[in-house]
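Below is one structure; the comments refer to it alone.
The values are calculated or read from the model by the stated rules, or taken from the named source; none is laboratory data. Predicted, not measured: the structure shown is a model, and the values here were computed from it. Every residue, glycine among them, receives a Cβ derived from its backbone with ideal geometry; neighbour counts consider all protein chains shown.
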Amino acid sequence: MLKMAEMDENVTLAAQLEEESRRSVILINKFNVKPEDADNLLNAWAADAAYLKHKPGFISTQLHRGIGGSCVFINYAVWESVEHFKHATSDPELRSALAHYPDSTVASPHLFRKVAVPGICVD
């Protein structure tokens, strides 16, 4: 079963889930895993993603892997709102699926929103 580690030492994911807003959010989830467990992580993540993509509020997801033999993975998922994400991830069926991740897996999920920087990027 995977272990959880907060990405931000000042704001926990649990605190983020208390926000009430209808604006979309981006989940960034960093996974670290031992090299011998990478394929099992991919299988577990694919099963979770296939399940979540049918939940209300799901927009898209993309998994990335560090290059050069890295065993750091980043999941980027877009949700319609914090409430949609919270509801989908509190499902007992999904919670039980966490047991399918290799024991060496450490996940660091955190919610984000795009930031506008004039002349560079829009929100």
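In table form, for the structure just shown:
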quantity	calculated
Residue list for segment 101-123, restricted to those being over 17 Å from residue 74 (Cβ atoms) and either surrounded by fewer than 10 Cβ atoms within 10 Å (Cβ to Cβ) or at pLDDT below 95 (or both)	115, 116, 117, 118, 119, 120, 121, 122, 123
Wholly enclosed strands (runs of 3 or more DSSP E) of segment 6-100 bearing at least 2 residues without any contact (Cβ under 8 Å) to a residue 40 or more places away in the chain, touching a Cys at 6+ places or on another chain (Cβ under 6 Å) and farther than 25 Å from residue 114 by Cα	none
Selection within segment 69-87 - crowded, with 18+ Cβ neighbours inside 10 Å and under 19 Å from residue 46 (Cα atoms)	73, 75, 77, 79, 85
Hits in segment 95-123 (condition: closer than 23 Å to residue 11 by Cβ and aliphatic (A, V, I, L, M))	98, 106, 107, 111, 115, 116, 117
Hits in segment 10-48 (condition: among the aliphatic types (A, V, I, L, M) and within 17 Å of residue 82 (Cα to Cα))	11, 13, 14, 15, 17, 25, 26, 27, 28
In segment 105-123, the residues that are under 30 Å from residue 35 (Cα atoms) and either in contact with a Ser or Thr (Cβ under 7 Å, 6 or more places away or on another chain) or assigned to a strand (DSSP E or B) (or both)	106, 107, 108, 109, 110, 111, 112
Residue 65 being surrounded by 11 or more Cβ atoms within 10 Å (Cβ to Cβ) and either over 24 Å from residue 92 (Cα atoms) or at pLDDT below 95 (or both)	yes
Segment 10-62, subset crowded, with 17+ Cβ neighbours inside 10 Å and among the aliphatic types (A, V, I, L, M), residue nearest to residue 97 (Cα to Cα)	44
